[in-house]
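Below is one structure; the comments refer to it alone.
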């Protein structure tokens, strides 16, 4: 699940049912298909791993058919493969929802007990571990039947069978061990098996002593004791006390490295003490032990210690409970700068040196104590400072932070307090608590913390009726609204700030804590929030700016980024506030420019340029020109593309207030000697600059045009140059300059540059498509209609491109240009665009576009050349879908307009002699000749085409398509004039060509209507990779 993705219900029921039908379909024998369906079900359930409770309303409908099928497969003794598949499906649910919930759906009648007992006794090596685990889990439920086993199994010693079966898995590392422990422990809860309990306990003690080298025996036995104590009477606990204490003592040496053992130590010690609570010394010893375990390094141990500490405290008197609570509070103060965790100052303490594990464990223990009613109502105010500090606990460590589990536990505490503490005892702290919960519900980085805080706030509002504007604010911070971080920051938070009580605390909190957060995205959203809320409440601007300005001189990248980002948002929110802009511009001089040389300051350099762009529209911009240009130049030479874009935009904004022509000319002079990234930035910046004199404008046009024609430059530089040319075309240029720009952009539509990354020329084609559309829409009345038709035709061809982004952009730009085409072209082109959008719900559906292009070709002669070029390039692509779709489209068009297709294709081949273009067109001719029926008048033309462009070529692809074409002419159409060309290819000096020609000619000769037995035999007998044959030897 994505970090901010929040689901509200189970949305995959129909998909699950479809996959379940595959698993349960008895007519399907393909085990792999069923296992694949189970795997896909697992992927669906994995989506809900963090919100597995959403499955609960559907579990009966989803799970019962699978369990019934598993029961039937066991009773009917079906194949192991069937049982394995069904058990894997059931196990997938236990993995997602937990065995305690899933085990409720197992049937537990007498026949079911007999069934699972027999199945458990017949485990084999061929059976999957999931099957063994599911059967043992099922057995743990069925064994609880309230009937005597002797009557159900009159001829069997079930107690002995169960012990032998389950103890086998006590030594195994897999999930079967857990199932076996559950089964045997619940079996011994039965009255008719109770006599065997002490014997089994003695066996457990012996195993702990003799099998110390086995790491799985001790957890199994301790878990067994835990399950026994969970439901046993006090007398049974007293009988087992000595044995359990011995077991704990025997395993204490290994607990340091085994978190599972430590967990069971906690549970077993606490449960034993709980049963023997009359022994005060034992209780005090256990409480001390649990307090130590709250600082354990593993969450499962801390969680278990917290739960059992609260349960033990519940059995004590008020004085004992207070002692435990005070002991918990004392753990908070260790490592902080405030000694008293109950003082109000503790909420703002320095916790940079504390143990995160301790704070999590203690906060969790307080939450559990509160939920279980252990905390006295009057004691709550003393817990508030420490729990508020926990609610904001966030420590930066390395590239991430720790503390989310502590914050989650703190939200759990407040949720518990709202449910269990009387409202009158919360009245003194409710304002403080509600403000802090709102802060975390809106601005925490983690989605589960925002949800937890929202849930706690909801309980506080609903159960106390003391929260100011509680119902109205709750609508804004609803559980589902805060699930998406961007929505929480930019919508919910802005809405909450309409209430002064919350706004007065939120603004200082965001400025101090959120704009200085270690996460870049959080700082960015915080700055956007401040810009939005200040726009609604302008009186806040001065307060925010005053708090930010002292940070500008810092060399901390986090502080500097958050501050500059916020100032940029404020300047953008108030574009006409000259005083604010001047105030921000003045701070540019305080920035330590040397920091921009380090990689860590890349985000800072970006927002600094953004801030310059936002404040450069003031009259005083000239006073900050020097420092602004230094920062901009640092951005233009930066390796990050995002930073370069920000710098180019800043230069453009500055040039609107200050004359930057000298700097622009310097950039153009330095272009040839600059590094690649700087060249890219220069090409980009020339499109943003506002030119105050025609000389600089003309030089920029010449520089950009030269960049587009210099193939040795990196493709990114040329793309930026095309983008800049399109921007310059929108400014005041002469008719000749506009014409040159348009033709340069049109030429870019034919860029098919390829490097190690693939078809990078697609970036140029996409840029030029957008640029042409923009220029034509802006200056259509001053552009020749013939050029608009030519550009439209090419864009239609690009709509058949292999790159899905290119297809999408071409369709979108055609939609913008259609109204500026001729009336004869506008209607069919509009139909093509609308049909394409209807049939292609996503841009990947390229095959549907080809279907729409056939009627367009028939209706519009103006775009036919573009369509043929698009089809020609698609036919030679490596995309099988495009090749197939293009061939089918060419055949459909040729069946209607064969003369037009051939004549246009041959003409285009004369013009586009570049190898890739020509090869595509030649293949298009071959497809028409091979799949359609040509008129006799076309045969000499095609033979001459082969002789001129293919037969004498040294390019392998041209030769290959030529030999295929003449083979079709000679054998399919029986055109005798092609005989010499066939002989020429078979006698070619290159063995590779001779072999390919022989193969193609053999295929065509076989499918010919005439007999060619002699030729076929000769082709088969000749060694085509050996000595070259003579033309006179070919038996045509």
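On inspection, residue 401 passes the criterion of being closer than 25 Å to residue 519 by Cα, crowded, with 16+ Cβ neighbours inside 10 Å and modelled with pLDDT under 90.
Here residue 159 fulfils each of the conditions (1) more than 19 Å from residue 260 (Cβ to Cβ); (2) at pLDDT 85 or above; (3) in contact with a helix residue (DSSP H, G or I) (Cβ under 9 Å, 6 or more places away or on another chain); (4) in a helix (DSSP H, G or I) apart from (2). The listed residues are 615, 544, and the only one of them that is buried (at least 20 other Cβ atoms within 10 Å of the Cβ) and either touching a residue at least 40 places away in the same chain (Cβ under 8 Å) or out of contact with any helix residue (DSSP H, G or I) (no Cβ under 7 Å at 6 or more places or on another chain) (or both) turns out to be 615. Here residue 42 passes the criteria (1) part of a helix (DSSP H, G or I); (2) modelled with pLDDT under 90; (3) closer than 17 Å to residue 88 by Cβ except the one numbered (2).
Within region 302-337, the residues that satisfy the criterion of being within 22 Å of residue 378 (Cα to Cα) and either outside any helix (DSSP H, G or I) or touching a strand residue (DSSP E or B) at 6+ places or on another chain (Cβ under 7 Å) (or both) are 315, 316, 317. For region 119-144, the set of residues classified as over 16 Å from residue 172 (Cβ atoms) and either touching a strand residue (DSSP E or B) at 6+ places or on another chain (Cβ under 9 Å) or without any contact (Cβ under 8 Å) to a residue 24 or more places away in the chain (or both) consists of 122 only. When region 276-296 is filtered for residues that are closer than 20 Å to residue 367 by Cβ and in a loop (DSSP other than H, G, I, E, B), the ones remaining, listed by number, are 294, 295, 296. Among the conditions (1) outside any helix (DSSP H, G or I); (2) surrounded by fewer than 23 Cβ atoms within 10 Å (Cβ to Cβ), residue 467 misses just one, which is (2).
Yes/no matrix, rows are residues, columns are (1) surrounded by 23 or more Cβ atoms within 10 Å (Cβ to Cβ); (2) outside any helix (DSSP H, G or I):
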site: 137; (1), (2): yes, no
site: 147; (1), (2): no, yes
site: 155; (1), (2): no, yes
site: 163; (1), (2): no, no
site: 168; (1), (2): no, no
site: 184; (1), (2): yes, no
site: 198; (1), (2): no, no
site: 207; (1), (2): no, no
site: 218; (1), (2): yes, no
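Checked across region 675-694, the condition of being surrounded by fewer than 23 Cβ atoms within 10 Å (Cβ to Cβ), in contact (Cβ under 8 Å) with a residue 40 or more places away in the chain, under 25 Å from residue 617 (Cβ atoms) and out of contact with any helix residue (DSSP H, G or I) (no Cβ under 7 Å at 6 or more places or on another chain) holds for no residue.
Answer yes or no: is there a residue in region 223-232 that is in a helix (DSSP H, G or I), modelled with pLDDT under 80 and at negative phi.
yes
Against the condition surrounded by fewer than 20 Cβ atoms within 10 Å (Cβ to Cβ) and part of a loop (DSSP other than H, G, I, E, B), how does residue 459 come out, does it pass? No.
Tally the residues that are within 41 Å of the chain's Cα centre (by Cα) and in a helix (DSSP H, G or I), restricting the search to region 669-702. The number of residues fulfilling the criteria is 10.
How many residues does region 978-1008 contain that are over 20 Å from residue 959 (Cβ atoms), exposed (fewer than 13 other Cβ atoms within 10 Å of the Cβ) and touching a residue at least 24 places away in the same chain (Cβ under 8 Å)?
Total satisfying the criteria: 1.
Give me the helices (runs of 4 or more DSSP H) completely within region 721-812, filtered to those with at least 2 residues that are within 20 Å of residue 850 (Cα to Cα) and more than 33 Å from the chain's Cα centre (by Cα), ordered by residue number. Here the list reads 785-798.
State whether one or more residues within region 102-119 are surrounded by fewer than 19 Cβ atoms within 10 Å (Cβ to Cβ) and farther than 17 Å from residue 142 by Cα. No, region 102-119 contains no residue that is surrounded by fewer than 19 Cβ atoms within 10 Å (Cβ to Cβ) and farther than 17 Å from residue 142 by Cα. When region 98-129 is filtered for residues that are over 22 Å from residue 24 (Cα atoms) and part of a helix (DSSP H, G or I), the ones remaining, listed by number, are 99, 100, 101, 110, 111, 113, 114, 117, 118, 120, 121.
For every residue, the table says whether it meets (1) under 19 Å from residue 942 (Cα atoms); (2) at pLDDT 90 or above; (3) part of a loop (DSSP other than H, G, I, E, B).
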| position | (1), (2), (3) |
| --- | --- |
| 981 | yes, yes, no |
| 998 | no, yes, no |
| 1002 | no, yes, no |
| 1009 | no, no, yes |
| 1023 | no, no, yes |
| 1032 | no, no, no |
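Is it fair to say residue 825 is crowded, with 24+ Cβ neighbours inside 10 Å and in a helix (DSSP H, G or I)? Considered against the rule, which asks whether it is crowded, with 24+ Cβ neighbours inside 10 Å and in a helix (DSSP H, G or I), residue 825 comes out as no. Restricting attention to region 517-531, the residues that are surrounded by 17 or more Cβ atoms within 10 Å (Cβ to Cβ) and either part of a helix (DSSP H, G or I) or modelled with pLDDT of 95 or more (or both) total 10. Looking only at residues that are surrounded by fewer than 20 Cβ atoms within 10 Å (Cβ to Cβ) and part of a loop (DSSP other than H, G, I, E, B) in region 355-379, which one is farthest from the chain's Cα centre (by Cα)? Only one residue tops the list, namely 376.
The values are calculated or read from the model by the stated rules, or taken from the named source; none is laboratory data. Values in this document were obtained by computation on a predicted structure and should not be read as measured data. FYI the Cβ positions are ideal-geometry reconstructions off the backbone, even for glycines, and counts take in every protein chain you see.
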